[in-house]
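**Student:** Encoded as structure tokens, here's the structure I'll be asking about.
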Amino acid sequence: MLLWGVYKVEDLYLGWIEQLDRGLSNWGKVAVPGDYRSIVVSGMGGSGIVGDYVAVLSSVSPRGLPVIVSKSHLVPEFIGSRDLVFVISYSGNTLETRMACMRARERGARLVIVSSDGYLEKFAVENNIPFIGVVKGIAPRTALPEMLYGVLGVLDSSGIGIVSREEAAGARDFLKDVLKEAVGEAYSIAEFIAEHDGLLILASHTPYESLVLRGKNEFNENSKIPVKVEVAPEWMHNDIVGWERPFPGNKYSVVAIVDPGDKPGSKLVDFMTGIYEKNNIPVYRFLLRGDSVLEKLLYGSLVLGLASVKLARMRGLDPLETMSIADYKSRVRDIFGA
Ligand code: F6R
């Protein structure tokens, strides 16, 4: 479906339904049953964010386990044979993730590798490590749904059903139904940000920390702007004081992400909005849709992803190009001495 013309990257986001379909058809193909103490998710950037989503989904499920998200070349010192470690790298080549993978293996943790290609795919095959292969040849950040459903499917079929296949299928149908509205909302958000410019603040309430972080990453990578993240109620215990005396002359705009079904959450964001408005900062209220946290995460991610792409187009930039990440990756071996 082409809603915004012929730009490939938009199609990658609008193709999320097909990614969810693939995730559902592979659901249960890999199982690693065991009596685990924790789930560790290791990965960077667009791959690492899957860990943040798994952590929040686990935290809102009575069947959840502690989830440790590790965006580093290191792994927690205490992990061992009772920990299930998902090593996620879309390209399969990210050095930090490869180093973390080797360290987790040395500690005897149970590994599952999620990737589309590269060194880690080869490593999984050669060493008989359970492997989830995802669609090849797209930008890592746009492969979020398939990587997420890959992990959730392994967990469910291993007896850690933080999301059942039925819930996952329901979320897929929901996203398909709201695709058009998501595009409209994304367009309005992009227009709002472009009109007000200044430093973009993404504000929300718990448990949507992972969604605002994903939004930040999307506006960083697709739109090429810095972004600040503010999340209530923790906001009320530090950020709020920063808004007493911001440097005069600095410009900001806020996109406030709200779950309308969450009364305290909405009221917390109302409180934040009052302070932003006292500082003459324009606020766009973005209401999440969906019945479950999974549906809200998928809807929010799609809207923020499309908005960040639209903003890049409005600024005449190529959303897909991430020159500075490529530059870092070309020099990362020196940094780690690898
Ligand atoms: C690019 C992107 C990046 C990468 C990150 C790690 O779309 O989202 O944040 O995800 O540089 O690379 P991979 O995912 O290949 O391990």
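**Student:** Which residues, taken from the range 205-223, are more than 11 Å from residue 309 (Cα to Cα) and either of a type in the set (D, E, K, R) or free of Cβ contacts under 8 Å to residues at least 12 places away in the same chain (or both)? Working first, answer last.
**Tutor:** If we filter the range 205-223 for residues that are more than 11 Å from residue 309 (Cα to Cα), which is where we start, we get 205-217.
Once the filter is applied, which keeps residues that are more than 11 Å from residue 309 (Cα to Cα) and either of a type in the set (D, E, K, R) or free of Cβ contacts under 8 Å to residues at least 12 places away in the same chain (or both), the range 205-223 yields 209, 214, 216.
**Student:** Please find, among 131, 123, the residue that is under 26 Å from residue 81 (Cα atoms) and out of contact with any Leu (no Cβ under 9 Å at 6 or more places or on another chain). Show your work before the answer.
**Tutor:** Working: 131 fails: out of contact with any Leu (no Cβ under 9 Å at 6 or more places or on another chain).
Among 131, 123, only 123 is under 26 Å from residue 81 (Cα atoms) and out of contact with any Leu (no Cβ under 9 Å at 6 or more places or on another chain).
**Student:** Given the residues 144, 179, which is the only one that is aliphatic (A, V, I, L, M) and more than 15 Å from the ligand (Cβ to nearest atom)? Show your work before the answer.
**Tutor:** Details: 144 fails: more than 15 Å from the ligand (Cβ to nearest atom).
Selected residue: 179, the only one of 144, 179 that is aliphatic (A, V, I, L, M) and more than 15 Å from the ligand (Cβ to nearest atom).
**Student:** Could you please find all residues in the range 77-98 being surrounded by fewer than 17 Cβ atoms within 10 Å (Cβ to Cβ) and over 17 Å from residue 132 (Cβ atoms)?
**Tutor:** Selection gives 77, 78, 80, 81, 82.
**Student:** Oh, and also: Can you report the number of residues in the range 124-154 which are assigned to a helix (DSSP H, G or I) and within 30 Å of residue 9 (Cα to Cα)? Outline the logic, then answer.
**Tutor:** We begin by selecting, within the range 124-154, every residue assigned to a helix (DSSP H, G or I); these are 124-126, 140-154.
Then keep just the ones that are within 30 Å of residue 9 (Cα to Cα); that gives 124, 140-154.
The total comes to 16.
**Student:** Then there is this: Which condition number in (1) within 16 Å of the ligand (Cβ to nearest atom); (2) farther than 22 Å from residue 262 by Cα is the one that residue 199 fails?
**Tutor:** (1)
**Student:** Condition first: closer than 26 Å to residue 35 by Cβ and more than 11 Å from the ligand (Cβ to nearest atom). Now tell me which residues in the range 102-122 satisfy that.
**Tutor:** 102, 103, 104, 105, 106, 107, 108, 109, 110, 111, 112, 113
**Student:** Quick one: would you say residue 70 is touching a Gly at 6+ places or on another chain (Cβ under 8 Å), polar (S, T, N, Q) and closer than 23 Å to residue 29 by Cα? Steps first, please.
**Tutor:** Working: touching a Gly at 6+ places or on another chain (Cβ under 8 Å): yes; polar (S, T, N, Q): yes; closer than 23 Å to residue 29 by Cα: no.
Against the criterion (touching a Gly at 6+ places or on another chain (Cβ under 8 Å), polar (S, T, N, Q) and closer than 23 Å to residue 29 by Cα), residue 70 does not qualify.
**Student:** Residues that are within 16 Å of the ligand (Cβ to nearest atom) and modelled with pLDDT of 95 or more, at least 1 per element: which helices (runs of 4 or more DSSP H) completely within the range 219-338 meet that? First the steps, then the outcome.
**Tutor:** Working: elements: 239-242, 263-278, 293-314, 323-336.
Filter on the range 219-338 gives 293-314, 323-336.
**Student:** Hey, among the residues in the range 42-68 that are of a type in the set (Val, Ile, Thr) and crowded, with 20+ Cβ neighbours inside 10 Å, which one's farthest from residue 103 (Cα to Cα)? Steps first, please.
**Tutor:** So in the range 42-68, the residues of a type in the set (Val, Ile, Thr) come out as 49-50, 54, 56, 60, 67-68.
From what is left, the residues that are crowded, with 20+ Cβ neighbours inside 10 Å are 49-50, 54, 56, 67.
Details: 49: 20, 50: 20, 54: 22, 56: 25, 67: 18 Å.
Step by step, filter the range 42-68, then rank; the result is 56.
**Student:** Still on this structure, please answer the following. Could you tell me how many of the residues in the range 20-72 are away from the ligand (no atom under 16 Å from the Cβ), free of Cβ contacts under 8 Å to residues at least 60 places away in the same chain, more than 14 Å from residue 162 (Cα to Cα) and of a type outside the set (Lys, Arg)?
**Tutor:** So the count comes out to 3.
**Student:** Being at pLDDT 95 or above, of a type in the set (A, V, I, L, M) and assigned to a helix (DSSP H, G or I) is true for just one of 200, 213. Which residue is that? Talk me through it step by step, then tell me what you get.
**Tutor:** Values: 200 fails: assigned to a helix (DSSP H, G or I).
Only one candidate qualifies: 213.
**Student:** So for the range 148-161 (the condition being over 18 Å from residue 25 (Cβ atoms), of a type in the set (Phe, Trp, Tyr) and crowded, with 16+ Cβ neighbours inside 10 Å), does at least one residue qualify?
**Tutor:** no
**Student:** How many residues are part of a loop (DSSP other than H, G, I, E, B) and either touching a strand residue (DSSP E or B) at 6+ places or on another chain (Cβ under 6 Å) or not assigned by TED's automatic domain parsing to the domain that holds residue 43 (or both) when one looks only at the range 97-112?
**Tutor:** Total satisfying the criteria: 1.
The values are calculated or read from the model by the stated rules, or taken from the named source; none is laboratory data. Nothing here was measured: the structure is a model prediction, and the numbers come from that model. Positions of Cβ are backbone-derived with ideal geometry, glycine not excepted, and every protein chain shown enters the neighbour counts.
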